[in-house]
1. Is it possible to state the helix-based mean residue ellipticity at 222 nm for the chain, with each DSSP H run of 4+ residues giving -39500 (n - 2.57), the sum divided by total residues, to the nearest 500 deg cm²/dmol? What is it?
2. Normalising by the residue count of the chain, find the relative contact order in percent from Cα pairs under 8 Å and 6+ residues apart.
3. So, counting K/R as plus one and D/E as minus one, what does the shell of residues with Cβ under 13 Å around Ser303 add up to?
4. Whole-Hz Karplus ³J(HN,Hα) for the stretch 246-256, in order, using 6.51 cos²θ - 1.76 cosθ + 1.60 and θ = phi - 60°, x for Gly and Pro?
5. For the chain, what is the per residue volume of the convex hull drawn over the alpha-carbon atoms, in cubic angstrom?
6. Rounded to whole Hz and in sequence order, give me ³J(HN,Hα) for the stretch 141-147 from the Karplus expression 6.51 cos²θ - 1.76 cosθ + 1.60, θ = phi - 60°, writing x for Gly and Pro.
7. Would you mind checking Lys89/Lys168; Lys39/Lys116; Lys27/Lys168; Lys25/Lys116; Lys25/Lys283; Lys89/Lys241 for any pair whose Cα atoms are more than 25 angstrom apart?
8. Considering only DSSP states other than H, G, I, E and B, which chymotrypsin sites (Phe, Trp or Tyr not before Pro) in the stretch 1-96 qualify as loop sites with at most 12 other Cβ atoms within 10 Å?
Amino acid sequence: MFEHSAIESLLVLISVIFLGMFLRKWKLLKEEDGIVFTKIIINVTIPALIFYALSQQEFEAKKLMLAFVMITSQVTCALLAWGVSILLKLSRPRRGALILGATFTSSAFLGYAVVKEVFHGSSEALADAAVVSELGVATLLFTMGIFIAMHFGTNSSNRQEKYREMMKFFYSPIFIALVSGILASFVNIPQQNILVGGFYKVLHLISSANTFLVALVIGVMLHFRDLRKVWVVVLLVIVIKLIIQPLLSHTQAMVYNFPELWNQIVVLEASMPTAAMTAVFAKRYGCDAELTSILVFATFISSCITMIMMIILLN
């Protein structure tokens with residue numbers, strides 16, 4: 001049943017992505033519009049979704065194991081990608097692009113949309129996904145990810161700038177929604193109250209728009225680029241990011257005897273394509289930004305297949 005629901009949900013998302021591509025082709029939307037929509041997603045719909053989901057489920061300390069599994073999987077993949085980049089004798093900017101592309105998952109941008117569709121908006125599933133995404137992925141992406149981009153990039157940055165960049169995440173709307181949602185989960189919020197009930201209806205309405213906006217933005221901004229010149233790096237990243245990382249997460253879930261829902265969440269989140277923010281970091285700090293963008297694109301296209309493979313594995 002889960003397999004059928006998951007595949008059906010992925011097909012729905014892919015359909016909306018193609019709609020975005022057609023709207024761009026018909027000039028009803030421009031690629032620049034995707035940047036505006038992305039700001040709305042990052043600053044409005046995802047924070048609303050996180051708070052809505054977390055505040056309705058009592059937070060348990062044992063859920064931190066979800067974040068631990070994701071962190072372990074990503075760090076392992078980063079080390080593997082670093083070793084491969086040395087064997088291939090890649091330049092430092094390309095080495096940084098390979099490590100970024102093979103490590104960090106698009107858990108917030110695409111992960112919530114997939115989880116919301118697959119689990120039919122379940123607050124419990126979304127709350128677990130928020131722990132995985134924000135504590136297990138985002139904190140690592142905005143600290144270790146920035147460090148990798150700076151270390152392998154060509155643009156110099158002083159220590160103070162590195163500190164400022166790494167701290168930005170911790171006062172972003174997403175992190176504020178995460179903390180406030182966890183705190184609210186310990187309070188018995190009276191949703192029968194007309195003001196509180198109305199507030200939650202507004203949150204639900206805003207968060208419901210997240211899936212459509214994410215899929216639409218991907219379609220608007222997606223381009224088919226020439227992959228032939230870097231096909232070896234692309235193939236390696238696809239294997240490490242989309243196959244090894246989900247398998248590592250699944251193996252850990254089995255070792256720690258995770259409940260079925262937790263197992264499904266960590267595998268789905270690990271199966272997401274490379275985070276688009278890696279291309280931003282690569283551009284800012286002098287890694288190979290063009291290669292990183294290609295890896296984001298290639299892993300997204302490939303993830304449509306590998307996610308289904310991982311869903312079948314879960315069953």
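1. Result for the chain, helices only: -22000 deg cm²/dmol.
2. 33 percent
3. That sum, taken over residues with Cβ under 13 Å, equals 0.
4. x, 5, 4, 5, 5, 4, 5, 4, 6, 4, 8
5. 133 Å³
6. Taking θ as phi minus 60°, the curve returns 4, 8, 10, 5, x, 5, 4 Hz for the stretch 141-147.
7. Pairs exceeding the cut-off: Lys89/Lys168; Lys27/Lys168; Lys25/Lys116; Lys25/Lys283.
8. Qualifying residues, ordered by number: Trp26.
Values quoted throughout were computed directly from the atomic coordinates according to the rules given, and no laboratory measurement underlies them. This is a predicted model, so every value here is computed, not measured. As a convention, Cβ positions derive from the backbone with ideal geometry for all residues, glycine included, and neighbour counts pool all protein chains shown.
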